Amino acid sequence: MRAVLFDLDETLVPDYGAFLAAVDAVAAALGAPAGMGRALHDRARPRWGQAPAATNHMWDMSSWEALWAPFPAETDAWADAYRLEAWREALADHDVDDPELAGRLAAGYREHRVALCRPFPDTVAALDALVGRVRLAVVTNGMDDHQLAKLDASGLTGRFDAIVTSQAAAASKPDPRIFRAALEQLGCRAEAAVMVGDNPLRDVAGAQQAGLRGVWVDRDGGDPRGVVPDARIADLAGLAALGWW
């Protein structure tokens, strides 16, 4: 194997857990109730489904990511209302009627979320063990600015030879085209490359369809949903035992 491609969210860095932690952090800082994350997600999700057409390029973004991601300038007003109303309704679910507090939470959330862009404990050591042995890439569904901001905040950007987003590739995992775009940047053939990710369908099956090996990072004892990975590991430390490089 000459190249290892990595998914970003829930593979190299926590995603949903970081969202919940950031909600608790900004709530604690501003005197809001603890444990609002699930309610905020529930309130944001249907509103995100009503996003204007100008945000169509923001494919693959979850409703909780949209609470801090950059929006097109022409949709700033909609984005501000989306965030404000999601927080206002989450507060109401906790018996708090305070639009001014909702506005401060919506405005302050991003700072706390950026601060919690940290790698999993096993990430840096796993990447260090591969440096100089294989080429490394990130292949992630999402917008350039948002995903690169997460990589920068987590201190991981400089560790990769290529970073490919679905926005840049105009294709989302499991579409084989996004994997091929990364391989082209790495100058590597599919049969000499491995994709490592937490999602059996998008990361593993998608990579296998493109001719790569697929490694499933199963941190929580999940369901492979019919996918047969080339390897299944409990965390990134398990890469060292594969003996492929």
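Quick notes
- Flag for ARG104 being open to solvent by 60 Å² or more (accessible area, probe 1.4 Å), part of a helix (DSSP H, G or I) and in contact with a Phe, Trp or Tyr (Cβ under 6 Å, 6 or more places away or on another chain): no
- From the options PRO46, PRO70, residue that is without any contact (Cβ under 8 Å) to a residue 12 or more places away in the chain, within 22 Å of the chain's Cα centre (by Cα), on the phi < 0 side of the Ramachandran plot and open to solvent by 10 Å² or more (accessible area, probe 1.4 Å): PRO46
- Residue satisfying condition, being open to solvent by 40 Å² or more (accessible area, probe 1.4 Å), modelled with pLDDT of 95 or more and not polar (S, T, N, Q), within set ASP218, ASP161, ASP203: ASP161
The rows are residues; the columns are (1) touching a Gly at 6+ places or on another chain (Cβ under 9 Å); (2) of a type in the set (A, V, I, L, M).
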| residue | (1), (2) |
| --- | --- |
| ARG113 | no, no |
| VAL138 | no, yes |
| GLY158 | no, no |
| ALA171 | no, yes |
| ASP203 | yes, no |
| VAL215 | yes, yes |
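- Some residue of segment 160-176 being over 16 Å from the mean Cα position of the chain (by Cα) and of a type in the set (Val, Ile, Thr): no
- Residue list for segment 109-146, filter: on the phi < 0 side of the Ramachandran plot and small (Gly, Ala, Ser): ALA115, ALA125, ALA126, ALA129, ALA137
- Looking only at segment 1-43, and only at residues there that are in a loop (DSSP other than H, G, I, E, B), within 15 Å of the chain's Cα centre (by Cα) and in contact (Cβ under 8 Å) with a residue 60 or more places away in the chain, the one that is farthest from VAL138 (Cα to Cα): PRO14
- Residue among VAL96, VAL139, VAL196 that is β-branched (Val, Ile, Thr), out of contact with any strand residue (DSSP E or B) (no Cβ under 6 Å at 6 or more places or on another chain) and outside any helix (DSSP H, G or I): VAL96
- Apart from one condition, VAL131 fits all of (1) touching a residue at least 40 places away in the same chain (Cβ under 8 Å); (2) open to solvent by 20 Å² or more (accessible area, probe 1.4 Å); (3) more than 21 Å from ASP24 (Cβ to Cβ); (4) more than 17 Å from the chain's Cα centre (by Cα); the exception is (1).
- Against the numbered list (1) within 17 Å of the chain's Cα centre (by Cα); (2) part of a helix (DSSP H, G or I); (3) without any contact (Cβ under 8 Å) to a residue 40 or more places away in the chain, TRP216 comes up short only at (2).
- Screening VAL138 against (1) more than 17 Å from the chain's Cα centre (by Cα); (2) closer than 30 Å to LEU67 by Cα leaves a single unmet condition, (1).
The values are calculated or read from the model by the stated rules, or taken from the named source; none is laboratory data. Note that this is a predicted model, so its numbers are computed, not measured. Heads up, the Cβs are rebuilt from the backbone with ideal geometry, glycines too, and the neighbour counts pull from every protein chain shown. These area figures cover heavy atoms from the full protein model, side chains too; ligands, DNA and RNA do not enter into them. Shrake-Rupley method; radii C 1.70, N 1.55, O 1.52, S 1.80 Å.
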